[in-house]
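Written below as structure tokens is the structure these notes are about.
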Amino acid sequence: MAQEQAATSGRSYRDPCGVCLDCAVRRQAVCAALEDHELGALQAIMVSTRIGAQQTVVEEGQPRRRVFTLTSGMLRLYTMLPDGRRQITAFLLPGDYLGLGDESSYDQTAEAVVDSVLCGFPVAEMDRLMERYPRLQLRLNQMTRIALRQARDSQLILGRLAPVEKLASFLLVLSERQAESGEPESPVHLAMTRTDIADYLGLTIETVSRSFTKLRLQGLIQLPEAHQVEIIDRRALTAVAGITPR
Amino acid sequence: MTVEAAVRRYAARPVPRYTSYPAAAEFSAAVGSAEHAAWLRRLDPDESVSLYLHVPYCRELCHYCGCHTKIAVRDHVIAGYRQALEGEIALVGSLLPRRIRVGRLAWGGGTPSILGAEGLAAVLAALRRQFDIEAGIEHAIELDPRHVDPALARALAGLGVNRVSLGVQDLDPGVQAAIGRIQPQATVAAAVRMLREAGVASINFDLIYGLPHQTVASIRATCAAVAGLQPDRIAFFGYAHLPYRRANQRLIDETVLPDAAARYDQARAIAQHFQARGFVPVGIDHFAAPHDALAKAVADGRLRRNFQGYTDDDRPILLGFGASAVSRLPEGFVQNIADNPRYCRAIAGQQLATTRGWRLTEEDLARGRIIEALMCSFEADLERLDPARTYPDELALLRPLAADGLLEIRSSRIRMTEAGRPVVRVAAAVFDSFRAQDGKGFSMAV
């Protein structure tokens, strides 16, 4: 379970205004719906939590008591399949909202890929806050539409036949998400491991590694570091992907 | 981006020449003399084979040379090597189920004529003791035009040699000085005359582009001069500058080497020259006169790829003799030790000199068929060449080339466009499952 350091230790992420105003995802997360002077209401129900890599945030089947905004790091959402395979369905990036699609219980497990920081909100209090600030509700609706679009991208990726098509589309989608959050399109930061990518794309680790090599040998990407992918030829990578992610 | 810009970009990519699949660079030490012997014992004696004899010695070493060859300063070294060749022939012969027919014979090097007419005759006699050499077969040899005289020409014709490849490179004196090989046009013309007078029917020229100081102008002049000598075939290769591997190439001034763009222009100048004069384009780097067997093989779709380039030889089995020589057997490839003294010592000890090889899997054979089809006819029908696999990754990786106008993909059929033909090696490399490592060490596609 997540360590609620902020709640128990002396280090506070709840100083009025400061933390939220300086937050890197202030303009991307759900809180973007609120004016600076309204943030206090959100901060009042918020617990900022720092969790280590590989630690669980929420578990599939648990009652949905809290929702979260990821402010830094990366989460993986997954479901264990009956055959024991782990199907990762999404990677959450800073600014993303955890708990968007869940009903009374979490339908997926969320784990930190790397050390991450989350803002947690009790569901009941968040619901009350949305009544007070309908813009929060509108913002969540908008985020739901974005999440649906990302799910569509994900379906396209998983629907591709060839492993290199899947990997190429995956890299392009990540690159676009980086661009959307104001970062350069390349290099693409891959905080997740090859195993994570394999469990997301439905491939073996060997196939993922081989696919990286194939894309590199074709001069489409370079791998300057283990967790970085430089896109050398975006046009050709898009042709290999065989889809046009938006 | 124009198609030509795309071709130029792909042309600079390091890719194997695919004279075999897997490329010899992929052979493994896991295959050695035990496999070599077992595979020879299991040869079908009713199938005729091709033979290749490698003579890795030269009187002097040219700066550009990338072949496996050494300077022979003493005659006893050459005599020793000739004995080793004869020894290897006897050894291989003793492993064969029974006498096998030979349908093709080729000598390469180095400078095979360094053995002298008597040496060549002695090796041929050794071959005849083990093999049935059919009458009138194609019998080819590589010659250095500087070392051809009427006596050698007559001796070769007497031994049945009917095709000669002469290394011409470039006829420009400045280029010749830069590559350490001075052979004026008159030398080449004289060699051709002597060989034709002796009755050697077919003459091939080997040209090289990408050499120091070489220009499109020097190449056009070379092409015009050699075309006047009415060759039967032209082979043209890009100079592969690998000085970290070849000490002799360190003599070449890198600052005067043509860059990738210039190499591309030079290759195209050669192709345009011979095509304009009615020669038939053969694969990526050969031309043949319309009457030549290779031109007919192109017309009939019988062109094949082998270690020497392109051939109309459809025999699946090649027995290679000599240091570094490769044999292609039904079960796999085997390659001899490249170091000449070590090769000779192995043979003297009655051992096969095998050092590496590759046991072919069904998948290797299938991928090899696809790569050979692309290299020879610039098209491949994947479903026909390999009904067992679907190649989704490969088809996806070819899409950028298709988008650039270099090839067309229609379901399982790949066809290089006219513009894309020069970079067919790049498309072939997509089917090479051995290319897990970086391409460093292979020459540029053009």
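The values are calculated or read from the model by the stated rules, or taken from the named source; none is laboratory data. Because the structure is predicted, anything quoted here is derived from the model rather than measured. As a convention, Cβ positions derive from the backbone with ideal geometry for all residues, glycine included, and neighbour counts pool all protein chains shown.
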Considering A:Gly182, A:Gly101, A:Gly120, A:Gly95, which residue is more than 14 Å from chain B (Cβ to nearest Cβ), surrounded by 14 or more Cβ atoms within 10 Å (Cβ to Cβ) and at positive phi? A:Gly95
Heads up, the helices (runs of 4 or more DSSP H) in segment B:103-200 (entirely inside) with at least 3 residues that are more than 17 Å from B:Leu53 (Cα to Cα) are B:150-158, B:173-178, B:185-198
With A:Arg149, A:Arg160 as the choices, which residue is farther than 18 Å from A:Ile221 by Cα, touching a helix residue (DSSP H, G or I) at 6+ places or on another chain (Cβ under 8 Å) and not hydroxyl-bearing (Ser, Thr, Tyr)? A:Arg160
The lone exception for B:Gln83 - which of (1) more than 22 Å from the chain's Cα centre (by Cα); (2) surrounded by 18 or more Cβ atoms within 10 Å (Cβ to Cβ) it fails: (2)
Test for B:Ser50: is it within 25 Å of B:Asp364 (Cβ to Cβ) and over 20 Å from the mean Cα position of the chain (by Cα): no
For B:His36, all conditions in the list (1) at pLDDT 95 or above; (2) part of a helix (DSSP H, G or I); (3) surrounded by fewer than 19 Cβ atoms within 10 Å (Cβ to Cβ) hold save one; what is the number of the exception? (3)
If we scan segment B:262-271, do we find a residue that is touching a residue at least 12 places away in the same chain (Cβ under 8 Å) and not in a helix (DSSP H, G or I)? no
Would you mind stating whether B:Val200 is within 21 Å of B:Gly110 (Cα to Cα) and either touching a strand residue (DSSP E or B) at 6+ places or on another chain (Cβ under 6 Å) or not assigned by TED's automatic domain parsing to the domain that holds B:Asp292 (or both)? yes
Does segment B:401-421 hold any residues that are crowded, with 16+ Cβ neighbours inside 10 Å and hydroxyl-bearing (Ser, Thr, Tyr), and which are they? B:Ser412, B:Thr417
Top-ranked residue of segment A:134-164 - restricted to ones that are in a loop (DSSP other than H, G, I, E, B) and surrounded by 17 or more Cβ atoms within 10 Å (Cβ to Cβ), ranked as farthest from the other protein chains (Cβ to nearest Cβ): A:Arg160
What are the residues in segment A:74-108 that are in a loop (DSSP other than H, G, I, E, B) and within 20 Å of A:Leu174 (Cβ to Cβ), if any? A:Met74, A:Leu93, A:Pro94, A:Gly95, A:Asp96, A:Leu100, A:Gln108
On the given criteria, is B:Ile347 in the same structural domain as B:Leu43 (by TED's automatic domain parsing), touching a residue at least 24 places away in the same chain (Cβ under 8 Å) and either surrounded by fewer than 22 Cβ atoms within 10 Å (Cβ to Cβ) or at negative phi (or both)? yes
Taking the criterion of being surrounded by fewer than 18 Cβ atoms within 10 Å (Cβ to Cβ), within 23 Å of A:Leu75 (Cα to Cα), under 21 Å from the mean Cα position of the chain (by Cα) and not assigned by TED's automatic domain parsing to the domain that holds A:Asp115, would at least one residue in segment A:228-242 satisfy it? yes
Residue that is of a type in the set (Gly, Ala, Ser), in contact with a Phe, Trp or Tyr (Cβ under 8 Å, 6 or more places away or on another chain), modelled with pLDDT of 95 or more and under 30 Å from B:His54 (Cβ atoms), where the choices are B:Ala353, B:Ala366: B:Ala353
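Residue by residue, here is whether (1) modelled with pLDDT of 95 or more; (2) within 11 Å of another protein chain (Cβ to nearest Cβ) holds:
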| residue | (1), (2) |
| --- | --- |
| A:Thr193 | no, no |
| A:Ile197 | yes, no |
| A:Arg216 | no, yes |
| A:Gly219 | no, yes |
| A:Pro224 | no, no |
| A:Val229 | yes, no |
| A:Asp233 | no, yes |
| A:Ala241 | no, yes |
| A:Thr244 | no, no |
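For (1) in contact with a strand residue (DSSP E or B) (Cβ under 9 Å, 6 or more places away or on another chain); (2) closer than 19 Å to B:Ala191 by Cβ; (3) without any contact (Cβ under 8 Å) to a residue 60 or more places away in the chain, each residue gets a yes or a no:
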site	(1), (2), (3)
B:Gly80	no, no, no
B:Glu86	no, no, yes
B:Leu105	yes, no, yes
B:Ala126	no, no, yes
When segment B:314-336 is checked residue by residue, the ones that are over 13 Å from the mean Cα position of the chain (by Cα) and outside any strand (DSSP E or B) are B:Asp314, B:Arg315, B:Pro316, B:Ile317, B:Gly322, B:Ala323, B:Ser324, B:Pro330, B:Glu331
Would you confirm whether any residue within segment B:316-335 is surrounded by fewer than 17 Cβ atoms within 10 Å (Cβ to Cβ), in contact with a Lys or Arg (Cβ under 8 Å, 6 or more places away or on another chain) and at pLDDT below 95? yes
